[in-house]
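Trainee: Got a structure for you, questions after.
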Amino acid sequence: MKTSDFDYTLPPELIAQSPIEPRDAARLLVVNRATACLEHLGFRDVMGYLRAGDLLVANESRVIPARLYARKVPTGGTVEILLLRKLEKQTWVALVGGRRVRIGTRLELVRRGQACGIQAEIVAHGQAGQRTLLFSEPIEPHLNDIGLTPLPPYIHMPLADPERYQTVYAHTQGSAAAPTAGLHFTPDLMLTLRQRNIQIAFVTLHIGLDTFKPVEEEDIEEHLIHTEWCQLDPQVAQQINSTKLAGGRVIAVGTTSVRVLETAARKFEIPDSKLQIGTVAAFEGPTDLFIYPGFQFRAVDAMITNFHLPRSTLLALVAAFAGRNLILRAYQEAIEQSYRFYSFGDAMLIL
C-alpha cells in the first residue's frame with residue numbers, strides 16, 4: 001500500500017485560518033458507508049443522525065501552553081521550546097529551536113523578555129530534532145503564566161482567544177494539539193443530545209505534534225507511528241460495553257478517540273466467551289496503534305472527524321473506516337464545495 005494512495009491536492013485558500021463562530025456553525029459532510037451517498041448539512045444537523053441509546057466517546061485532553069521562550073546561559077542566545085511530552089517530574093521531551101543547542105546547554109526561561117527564575121538543561125538528543133530537557137523545578141504550575149498555546153504549522157494567523165483551540169469539555173492537560181473534531185460541540189448542543197438520551201463519555205489521549213507529520217515512507221505500512229499516552233477508565237468501559245449489548249452505537253468523536261477505543265478493544269480478552277461479554281477493557285498507558293486500510297474495527301460504529309492532511313496517518317485511518325475510494329471522493333467533493341479544511345475547518349460524519 002503506497003503512501004501516494006492517500007494524497008490529494010488542496011487549494012491553500014481552503015485551509016481554515018480561524019475558528020468559525022459559533023462553534024456548531026461549521027458545515028457537515030455526511031458519508032454513508034452502506035450507500036456511498038454524501039450529504040451536505042450544518043454541524044447542528046448531526047443530531048438528526050444520532051438516536052436514543054447511542055454513545056458519543058470524546059477525547060477530553062486539554063492543550064497545554066507548550067510554547068516557551070528562553071535564553072542560553074551565559075551567551076544570551078534566543079531559544080524557542082515546544083514541549084511534546086513529559087517523561088518524569090521535571091523532565092520533558094521537546095523541540096528546541098536555536099543555534100548550537102547541544103547536550104549540556106543551559107537555558108533560562110523568559111516571560112515577556114524577562115527572566116522568570118526557571119532554568120533547564122539539555123540532557124539528551126532524540127530523533128527529528130527532539131531534545132530532552134531537565135527543568136530546575138516542575139514546569140506545569142508555571143505554564144499558564146509563561147507559555148503560549150501552540151497552533152498547527154499551517155495556521156498563520158494569531159488566535160485572539162486561546163480557548164477556541166480547546167474543546168468546551170477539555171479537562172486533563174497534556175496535549176500539544178487539540179482533538180479538533182470536538183471543537184464543533186457547544187454546551188447547548190451537548191445538553192440537547194443528553195435530553196434525547198444520547199450519552200457522552202470521555203477518554204483521554206494526549207496528542208503530540210507528530211499528528212501533523214506526513215508519512216515519508218513510500219510504503220505506508222513501514223511508517224513508524226508516534227506513541228501517545230491514553231486512558232479509558234473502568235466506568236467508561238462499562239458504559240461502552242453496555243451500549244453495545246443494548247444495541248446502541250459507539251460513535252467516536254475524532255481520530256484520537258478511535259485510537260483509544262480500538263486499543264481498548266485489543267486489550268479485552270475473553271478466556272471463556274460464555275462467562276464474559278464485552279467490547280473494550282479499561283486501561284492506561286501508551287498506544288502505538290496504527291490504523292490503515294485492512295484494519296478490523298471492533299469498537300467504533302460511526303465517527304465524527306475533521307478533514308485531514310494528505311499523506312497523513314489520520315487520512316489513512318478514516319480511509320480504513322470508510323474505504324479509500326469513498327473517502328477520496330468525499331474529499332474531492334468537499335474541495336469543490338469549498339469546505340474549510342484542517343483544525344479550524346468543517347466536519348465529517350461517517351456512518
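The values are calculated or read from the model by the stated rules, or taken from the named source; none is laboratory data. Predicted, not measured: the structure shown is a model, and the values here were computed from it. Methodologically, a virtual Cβ is constructed for each residue, glycine included, from the backbone with ideal geometry; neighbour enumeration extends over all protein chains shown. To get the accessible areas, we keep the full protein, side chains included, count just its heavy atoms, and leave off ligands, DNA and RNA. Shrake-Rupley method; radii C 1.70, N 1.55, O 1.52, S 1.80 Å.
Trainee: Could you check region 114-157 and list, in sequence order, the residues that are assigned to a helix (DSSP H, G or I), open to solvent by 40 Å² or more (accessible area, probe 1.4 Å) and within 20 Å of residue 173 (Cα to Cα)?
Mentor: 140, 141, 142, 144, 145
Trainee: Please verify whether region 261-284 includes one or more residues that are closer than 16 Å to residue 29 by Cα and in a strand (DSSP E or B). Quick ask: steps written out before the conclusion?
Mentor: Initially, region 261-284 is screened for residues closer than 16 Å to residue 29 by Cα, giving none.
No, every residue in region 261-284 fails to be closer than 16 Å to residue 29 by Cα and in a strand (DSSP E or B).
This table checks each residue for (1) at pLDDT 95 or above; (2) under 20 Å from the mean Cα position of the chain (by Cα); (3) within 19 Å of residue 312 (Cβ to Cβ).
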| site | (1), (2), (3) |
| --- | --- |
| 117 | no, no, no |
| 134 | yes, no, no |
| 143 | no, no, no |
| 170 | yes, yes, no |
| 197 | yes, no, no |
| 203 | yes, yes, no |
| 210 | no, yes, yes |
| 214 | no, yes, yes |
| 219 | no, no, yes |
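Trainee: Please work out which one of (1) touching a helix residue (DSSP H, G or I) at 6+ places or on another chain (Cβ under 8 Å); (2) part of a helix (DSSP H, G or I) is the condition residue 309 fails and give its number.
Mentor: Among (1) touching a helix residue (DSSP H, G or I) at 6+ places or on another chain (Cβ under 8 Å); (2) part of a helix (DSSP H, G or I), the lone unmet condition for residue 309 is (2).
Trainee: Specify the residue that is modelled with the lowest pLDDT; the eligible residues are those in region 221-236 that are surrounded by fewer than 16 Cβ atoms within 10 Å (Cβ to Cβ) and part of a loop (DSSP other than H, G, I, E, B). If you could, list the steps in order and put the result at the bottom.
Mentor: Residues of region 221-236 that are surrounded by fewer than 16 Cβ atoms within 10 Å (Cβ to Cβ), as a first pass: 221-222, 224, 227, 233-235.
Subset that is part of a loop (DSSP other than H, G, I, E, B): 224, 227, 233.
Numbers: 224: 79, 227: 82, 233: 96.
My answer is 224.
Trainee: List the number of the failed condition for residue 169; all other conditions in (1) farther than 20 Å from residue 208 by Cβ; (2) open to solvent by 70 Å² or more (accessible area, probe 1.4 Å) hold.
Mentor: (2)
Trainee: A further question follows. Scanning region 51-80 for residues that are assigned to a loop (DSSP other than H, G, I, E, B) and crowded, with 17+ Cβ neighbours inside 10 Å, which turns out modelled with the lowest pLDDT?
Mentor: Of all residues in region 51-80, those assigned to a loop (DSSP other than H, G, I, E, B) come to 51-54, 60, 64-66, 74-77.
Cutting the leftovers down to crowded, with 17+ Cβ neighbours inside 10 Å gives us 54, 60, 64-66.
Numbers: 54: 98, 60: 98, 64: 93, 65: 92, 66: 89.
My answer is 66.
Trainee: Got a sec? Which of 106, 99 is modelled with pLDDT under 90 and open to solvent by 10 Å² or more (accessible area, probe 1.4 Å)?
Mentor: Numbers: 106 fails: modelled with pLDDT under 90.
Among 106, 99, only 99 is modelled with pLDDT under 90 and open to solvent by 10 Å² or more (accessible area, probe 1.4 Å).
Trainee: So how many residues does region 1-43 have that are in contact with a strand residue (DSSP E or B) (Cβ under 8 Å, 6 or more places away or on another chain), in a helix (DSSP H, G or I) and either charged (D, E, K, R) or within 16 Å of residue 191 (Cα to Cα) (or both)?
Mentor: Total satisfying the criteria: 2.
Trainee: Taking residue 164 as meeting all but one of (1) in a strand (DSSP E or B); (2) under 29 Å from residue 214 (Cβ atoms), write down the number of the exception.
Mentor: (1)
Trainee: Every residue in region 81-96 that is within 22 Å of the chain's Cα centre (by Cα) and open to solvent by 70 Å² or more (accessible area, probe 1.4 Å), please.
Mentor: Correct list: 85, 86, 87.
Trainee: Can you name every residue in region 251-270 that is more than 16 Å from the chain's Cα centre (by Cα) and open to solvent by 10 Å² or more (accessible area, probe 1.4 Å)? Please lay out each step first, then the result.
Mentor: So the first thing to find is which residues in region 251-270 are more than 16 Å from the chain's Cα centre (by Cα), and the list is 264-270.
266, 267, 268, 269, 270, listed by residue number.
Trainee: (1) within 21 Å of residue 214 (Cβ to Cβ); (2) buried (at least 17 other Cβ atoms within 10 Å of the Cβ): which one isn't true of residue 294, the others all being true?
Mentor: Exception for residue 294: condition (2).
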